[in-house]
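Participant: Handing you a structure now.
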Amino acid sequence: MLPAVACAMPLAAQDVPAELAPAAPTPAPASTETYPRAFFDRFYPQTALELLQRVPGFSLDAGAELRGFAGAAGNVLVDGERPTIKSGGLEDFLRRIPANAVERIEVTRGAQRAGETAGQSLVANVIRKPQSFAGTWSGELERNPAGLVYPRGEVSFTAPLGAWSTTTKVNAFWEQFTFDNIDRIRRDAAAALVSFDEETLPSTLRDAFIATEAQRLVAGGTLTINARFGNSRFYQETGRDGFLGRLPDGGPADRRSDIRFDSEFWAGELSADWTGRVSQGWVLKLLALGSFEDGEQSSANVVAEPPGAAPVINRFASQDLPIEVLTRATIGKLEGSLRPEFGIETAYNRLDSRIALEVEDASGVRPIALPASDVRVAEVRGETFGNLVWVVAPRWTVEAGLAAELSKLTVSGDAAGGNEFFFVKPSLAVTFQSSDALQLRAALRRSVGQLDFGDFAASANAEDDRLLAGNPDLGPDKTWRASLTGDLRLKGGYALNVQAFHEWRTDVLEQIVLPSGVPGLANAGSARVWGIESEAAVPLTGLIKGGLLEVSADFRDAAFTDPISGQSRVVTDLTNPEITIDFRQDLTEARIAWGGRYEPALRTTTFFANEEIIDRRGRRLTAFVETTRFFGVKMQLEVRNIGQTRFPRDRQLFAPDRSGAFIGSEELDRERGEFVKFTISDQF
């Protein structure tokens, strides 16, 4: 792989031994901090992901749900290149890389190369050791609040295999998580009690995946092959004892409901890319990627009223098979004050979706018709683009980009339709390095959202008794985003990154009543979203030896004219605020560390055609202690949800939709108890 183009500056970290500091900076303005592998020794990291988590003031961004390969790029490169993976995500890829296979991490402010990390103000580059052999393994036991103990295991290793350098990870886990003390209370419009349900909700998830990467020199460049394959299953069994018009009084229930939900999929991905120099300073990159996910879901809602009577059974089953094939070619210049990049991308995406609903009672079995229950959605897309990094002056850099996309989407089956789209996506960012410590950045970018083909097909939710129709006329949402970012990095590991942003969104996807008369998703208008996103790292060396405080705080708000009620509201699924406070103390001589995480309460609002749901999460507290004192391995004990975490939900119901009369509410009071996890890990 090609090394990143960057210039070094003094290492920013707390309590850094002099021998770990890099060479003195060059006279040019510093835009990169270099962290050698030895800097992280005090944390006893096992994977590249854990190394990145310990970089002061850096927060991993796995990428957005945007159309195109580069449009969804995160803020991490590996050996100067973006990993050519999609399934599993960036975090899973970084877990493949053993920490001892990493030579250093470079954190760069702003783009040093056009395209790969467009729009990111802070980029980390993980530089691996060439042809190294290293590995890491971990075993874990977790105890859930009900007292059940279950295992997890993972092993990763990097090794030369002939002319190839390979990295492989195998992981498997099984876990069960529950909500405790669940009460579901339904009231009418006058707040009179309609029903009170006592509910249990055990959920089980199991995963098993293998992922591998292989690299070698071919035709003067580097050929990289990535593959991932595995199986995942999730199932949930909900039991409800219902009391009609009364509270539980120790007597028998008036109604019994049992809901079984089962979801399973097999997923695979294979990609190959070649990167090499084709002339002085110019690099060519070719990529081909294919992926699939073959999944099935089923649920059965069995209701007996009173318990023991002949039940009414509602059944739901669905099959989904999304596939994607993508090719991409780019050529770009890595050196000089002008660093352009040009490229082309083609993609084919398809989803086959089938859903069936039926009800069974004393009169027999009856199917339930639902619009767009059996559909195929296919899209052919092509994009051409150009990007430019221009070093205008020693302290000024301009990043500009322009992409043009043409796509054709067809829907067939129970719902027929189609559309053709043409989008132009410009971007511009200006960066000013006011000093070695402070960088300022202003950016403007237009992006196009990624359609979820599952929204073209019908869906059902047995737990909330909700049916949604598919919509063959959906189009992607578009966003203009303007942002101002300040990044401050001081000696000793102090770091602060603050970004203020404002977004103008069009064709926002929200739930409405479709022309078929059934609720579903549609392009419902325009919205504005604004806020502040911030990250800070504060070494506490002067107060607590080896102490470090890290804070992430995001505040967001929005304005959207509701197409049903006509009133202004926030957009669906906006969460505000999101705050995380982490403290850690490393007692290096004692080979022990301890700390915790505090997350204040938050709320998220979701709007459907005839209901509004406010999901809350109470404050959450996590604590850990870890050591390497025993048997030469790393041991960690972690406790989550200390003192219980509440997850209340308020559901407001309207008829015939939210422009009509308020007909009642449903309060769901849930608590999740303490999870205790013990992990042993080591490297080889």
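The values are calculated or read from the model by the stated rules, or taken from the named source; none is laboratory data. These numbers were taken from a predicted model, which means no experiment stands behind them. Cβ: placed from backbone, ideal geometry, glycine included. Neighbour counts: every protein chain shown.
Participant: State yes or no: is Ala6 part of a loop (DSSP other than H, G, I, E, B), touching a strand residue (DSSP E or B) at 6+ places or on another chain (Cβ under 6 Å), among the hydrophobic types (A, V, I, L, M, F, W, C) and modelled with pLDDT under 85?
Facilitator: yes
Participant: Same structure again: Within region 201-216, which residues are buried (at least 17 other Cβ atoms within 10 Å of the Cβ) and in a loop (DSSP other than H, G, I, E, B)?
Facilitator: Passing the criteria: only Leu201.
Participant: For region 548-571, enumerate the residues that are touching a Leu at 6+ places or on another chain (Cβ under 8 Å) and in contact (Cβ under 8 Å) with a residue 40 or more places away in the chain.
Facilitator: Within region 548-571, Leu548 is the sole residue that qualifies.
Participant: Follow-up. Under 7 Å between Cβ atoms, at least 6 apart or on separate chains: pull out the pairs that start in region 504-518 with a residue that is under 17 Å from Asp477 (Cβ atoms) and touching a residue at least 60 places away in the same chain (Cβ under 8 Å) and end on any residue that is of a type in the set (Asp, Glu) and outside any strand (DSSP E or B).
Facilitator: Listed by first residue and then by second, the contacts come to Arg505/Asp477; Val508/Asp477; Leu509/Asp477.
Participant: Looking only at residues that are touching a residue at least 40 places away in the same chain (Cβ under 8 Å) and closer than 17 Å to Asn461 by Cα in region 318-331, which one is surrounded by the fewest Cβ atoms within 10 Å (Cβ to Cβ)?
Facilitator: It comes out as Asp320.
Participant: Restricting the search to region 347-369, which residues are farther than 19 Å from Ala310 by Cβ and either among the basic types (Lys, Arg) or part of a loop (DSSP other than H, G, I, E, B) (or both)?
Facilitator: Arg350, Arg354, Ile368, Ala369, listed by residue number.
Participant: Within region 548-581, track down each residue that is more than 30 Å from Thr606 (Cβ to Cβ) and surrounded by fewer than 18 Cβ atoms within 10 Å (Cβ to Cβ).
Facilitator: Hit for region 548-581 is Leu549, nothing else.
Participant: Please specify each residue of region 493-519 satisfying the condition of being surrounded by 17 or more Cβ atoms within 10 Å (Cβ to Cβ), at pLDDT below 95 and on the phi > 0 side of the Ramachandran plot.
Facilitator: Gly493
Participant: Please give the strands (runs of 3 or more DSSP E) falling wholly within region 60-165 in which 3 or more residues are modelled with pLDDT under 75 and closer than 30 Å to Ile323 by Cα.
Facilitator: So the answer is none; nothing clears 3.
Rundown of residues vs (1) at pLDDT 95 or above; (2) surrounded by fewer than 17 Cβ atoms within 10 Å (Cβ to Cβ), yes/no style:
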| site | (1), (2) |
| --- | --- |
| Phe583 | yes, no |
| Arg597 | yes, no |
| Ile614 | yes, yes |
| Val625 | yes, yes |
| Gly632 | no, yes |
| Gln636 | yes, no |
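Participant: A further question on this structure: Determine which member of the set Ala253, Ala288 is closer than 30 Å to Gly88 by Cα, surrounded by 15 or more Cβ atoms within 10 Å (Cβ to Cβ) and either of a type outside the set (Ser, Thr, Tyr) or under 27 Å from the mean Cα position of the chain (by Cα) (or both).
Facilitator: That would be Ala288, the only listed residue that is closer than 30 Å to Gly88 by Cα, surrounded by 15 or more Cβ atoms within 10 Å (Cβ to Cβ) and either of a type outside the set (Ser, Thr, Tyr) or under 27 Å from the mean Cα position of the chain (by Cα) (or both).
Participant: Then there's this: I'm checking my understanding of the structure. Among residues of region 180-200 that are of a type in the set (A, V, I, L, M, F, W, C) and in a strand (DSSP E or B), which one is farthest from Leu244 (Cα to Cα)?
Facilitator: Ile182
Participant: Of the conditions (1) at pLDDT 95 or above; (2) more than 24 Å from the chain's Cα centre (by Cα), Leu548 clears all except one; give me its number.
Facilitator: Exception for Leu548: condition (1).
Participant: Quick one: how many residues across region 249-263 are touching a residue at least 24 places away in the same chain (Cβ under 8 Å) and closer than 15 Å to Pro307 by Cα?
Facilitator: The number of residues fulfilling the criteria is 8.
Participant: List pairs: first in region 341-369 and at pLDDT 90 or above, second assigned to a strand (DSSP E or B) and surrounded by fewer than 13 Cβ atoms within 10 Å (Cβ to Cβ), Cβ under 7 Å, 6+ apart or cross-chain?
Facilitator: Glu358/Val365; Glu358/Arg366; Glu358/Pro367; Val359/Arg366
Participant: Here's a follow-up. I'd like the full set of residues that are part of a strand (DSSP E or B) and surrounded by fewer than 19 Cβ atoms within 10 Å (Cβ to Cβ), limited to region 654-663.
Facilitator: Hits for region 654-663 are Ala655, Ala661, Phe662, Ile663.
Participant: Residues that are at pLDDT 90 or above and out of contact with any Cys (no Cβ under 6 Å at 6 or more places or on another chain): which strands (runs of 3 or more DSSP E) entirely in region 406-463 hold 1 or more of them?
Facilitator: 417-433, 438-448
Participant: Another question, if that's okay. Identify all residues within region 263-278 that are over 17 Å from Phe209 (Cα atoms) and surrounded by 16 or more Cβ atoms within 10 Å (Cβ to Cβ); write none if there are none.
Facilitator: Those that are over 17 Å from Phe209 (Cα atoms) and surrounded by 16 or more Cβ atoms within 10 Å (Cβ to Cβ): Ala272, Asp273, Trp274, Thr275, Gly276.
Participant: Take the residues of region 297-312 that are assigned to a strand (DSSP E or B) and surrounded by fewer than 16 Cβ atoms within 10 Å (Cβ to Cβ): which is farthest from the chain's Cα centre (by Cα)?
Facilitator: Once the filter is applied, the top-ranked residue is Val312.
Participant: Just one of the numbered conditions (1) surrounded by fewer than 18 Cβ atoms within 10 Å (Cβ to Cβ); (2) under 28 Å from the mean Cα position of the chain (by Cα); (3) in contact (Cβ under 8 Å) with a residue 40 or more places away in the chain is not true of Tyr150; which one?
Facilitator: Of (1) surrounded by fewer than 18 Cβ atoms within 10 Å (Cβ to Cβ); (2) under 28 Å from the mean Cα position of the chain (by Cα); (3) in contact (Cβ under 8 Å) with a residue 40 or more places away in the chain, only one is false for Tyr150: (3).
Participant: Filtering region 194-228 down to residues that are hydrophobic (A, V, I, L, M, F, W, C), in contact with a strand residue (DSSP E or B) (Cβ under 6 Å, 6 or more places away or on another chain) and farther than 16 Å from Glu154 by Cβ, which residue is modelled with the lowest pLDDT?
Facilitator: Only one residue fits best here, namely Leu201.
Participant: Further, regarding this structure: Working only within region 626-640, note down all residues that are touching an Asp or Glu at 6+ places or on another chain (Cβ under 8 Å) and within 15 Å of Arg584 (Cβ to Cβ).
Facilitator: Answer for region 626-640, where residues must be touching an Asp or Glu at 6+ places or on another chain (Cβ under 8 Å) and within 15 Å of Arg584 (Cβ to Cβ): Lys634, Gln636, Leu637.
Participant: Continuing with this model, one more query. Which residue out of Ala191, Ala172 is surrounded by fewer than 14 Cβ atoms within 10 Å (Cβ to Cβ), out of contact with any Phe, Trp or Tyr (no Cβ under 6 Å at 6 or more places or on another chain) and at pLDDT 90 or above?
Facilitator: Ala191
Participant: Checking the conditions here, which among Ala416, Ala372, Ala362 is buried (at least 20 other Cβ atoms within 10 Å of the Cβ) and among the small types (Gly, Ala, Ser)?
Facilitator: So the residue among Ala416, Ala372, Ala362 that is buried (at least 20 other Cβ atoms within 10 Å of the Cβ) and among the small types (Gly, Ala, Ser) is Ala372.
Participant: Right, next: Just give me the residues in region 628-653 being part of a strand (DSSP E or B) and charged (D, E, K, R), in sequence order.
Facilitator: Matches in region 628-653: Lys634, Glu638, Arg640, Arg646, Arg649, Asp650, Arg651.
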